[in-house]
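Since the structure comes first, as structure tokens, the remarks are kept for the end.
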Amino acid sequence: MKAEHHKYALAEVPRYTSYPTAVQFSDGISEADYRLWLAQIAPGEPLSLYVHIPFCQKMCWYCGCHTTVAHTYDRVGTYAQDMLAEIDLLAAALPEHHGGLAHVHFGGGSPTMLTDTDFAAITAKILSAFGPRADMELAIEIDPRTMSAQKACALAKAGVTRASLGVQDFNPHVQEKINRIQPFELVRDTVDWLREAGVQAINFDLIYGLPGQSVKDVKHSTELAISLRPDRLAVFGYAHVPWFKKHQEMIKQEDLPGMEERFAEASMVGQVLEGAGYVAVGFDHYAHPDDSMAKAVMAGTLRRNFQGYTTDTADTMLGLGASSIGALGPGYVQNAPALDQWRKAIHAGKLPITRGVALAGEDAMRRAAIMTVMSTMALDLNAHTAAFGAADGALDDALEKLMPLAVDGLVNIDGHKITVTPQGRVFVRNIGASFDTHWQMSAGRHSRAV
């Protein structure tokens, strides 16, 4: 890494899966606001649905997700029953003229903690209540340690079309340091079971910057991942925030790679994947050339939402489950993270949101600018502002902030047109931050750029 890029790698910047980001959420958004926003959904508008299952069999020490360990299934089963009631509440709040589901994503936690019966009940209820579009994708995040051939068949029978496996790293000494023992053979078997059951679209998550991990380890994991022919890979940098996630205290600071090593690890993943023919997607995803995400990159139609980079066509995303976030035209809402509070609202017949943020002023224009830059690596600022009815120069403050990044070779500026350079791709979060009027540098609020 060049010395002048160190400051960008160390900067703590949002991932921009929303704008304004979750840091700006407050309790100023009420259930009444959410119901009004739902009622304003346009006729025929497709919907996306995120379903959060906040339970795991065992806590992985690197995890930054909203989850808890379920020592018995009673809590999980009760949660599944309450979710059925939440589905009814949300469906009843929607206008009848909406366009049905374009995308459903089960995340966690570990959604495969659900029994086959509970998962089938939830998916059937969702499809009945909201209605699937003809091309709907149903995706689920999978912990391979919970899988069997029988469960793969149950997922396929319930309608799953894409599975995302939490691989992270294949090296045993790294797995020991993150409390996730998961041999390559288990992941291989899981992939085989899914494909044999009819779930053909397979995603992998990999993580760099883990304790005890080296560039050689990352190369080895990536090569093993490629041997299983995944369609997409998401490559995340481990964010060490033990003051926010107490279980991360189990990871020793001295075991973590430094900034230069992290950058070298991230670069190695990209080098191996692109060498194998995968297409770089945004700053942290890769896709097989035949996958719809790679095709979206080529067509300039790639999008970004709370699941990261996506081909999801819906502008409205609704959330189910504790802590889930919904994104609508007027703003964002989040369900209660605490299970008791979430459940209490549902039993009272209320949508269980506790906070959110309404878009105001230039938020919609700046949100679209950030998402466009993050997805297409380019933006014509004057054309963009004109599309929002704003004057030329309305985003000149961003251009001014981008000047130092241009000097450092991360972005090219031609009048009011910007293009992210190959060197700048990994720092596109820093580039997006130039359009953000809410963001303030604050330690511990966001992960580092690399």
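Each value in this text was obtained by applying a stated rule to the coordinates, not by laboratory testing. All of these numbers come straight from a predicted model, not from anything done at the bench. Cβ atoms come from the backbone with ideal geometry, glycine included; neighbour counts cover every protein chain shown.
Bridgeable lysines around LYS58 (alpha carbons under 21 Å apart, same-chain partners fewer than 8 residues away excluded): LYS151, LYS177, LYS245, LYS246, LYS252. Taking the Kirkwood radius as Rh and the Cα radius of gyration as Rg, the stretch 1-75 has a ratio of Rg/Rh equal to 1.11.
Just so you know, the Cα atoms of the stretch 60-145 work out to an Rg and Dmax of 14.4, 45 Å.
Backbone geometry of the stretch 223-233 corresponds, through the Karplus equation with coefficients 6.51, -1.76 and 1.60 at θ = phi - 60°, to 3J(HN,Hα) couplings of 5, 5, 4, 4, 4, 9, 6, x, 7, 9, 9 Hz, x marking Gly and Pro.
Relative contact order of the stretch 363-433, taken over Cα pairs closer than 8 Å and 6 or more residues apart, is 33 percent. If you take all other residues with their beta carbon under 12 Å from the beta carbon of ARG366, and give Lys and Arg +1 and Asp and Glu -1, the sum is -3.
On the principal axes of its alpha-carbon atoms, the stretch 363-433 has extents of 33, 21, 15 Å, going from largest to smallest.
Relative contact order of the chain, taken over Cα pairs closer than 8 Å and 6 or more residues apart, is 21 percent. Three semi-axes describe the equivalent ellipsoid of the chain; taken as square roots of 5 times the Cα gyration tensor eigenvalues and ordered largest first, they are 32, 29, 21 Å.
Spread over its residues, the convex hull of the C-alpha atoms of the stretch 261-412 is 171 Å³ per residue. Packing, taken as the mean count of other beta carbons within 10 Å per residue, orders the peptides 318-330, 119-131 from highest to lowest as 318-330, 119-131.
Derived scalar couplings between HN and Hα for the stretch 158-173 equal 6, x, 4, 10, 9, 10, 10, 9, x, 7, 6, 7, 9, 7, x, 5 Hz in order, rounded to whole Hz, by the Karplus curve 6.51 cos²θ - 1.76 cosθ + 1.60 (θ = phi - 60°), x for Gly and Pro.
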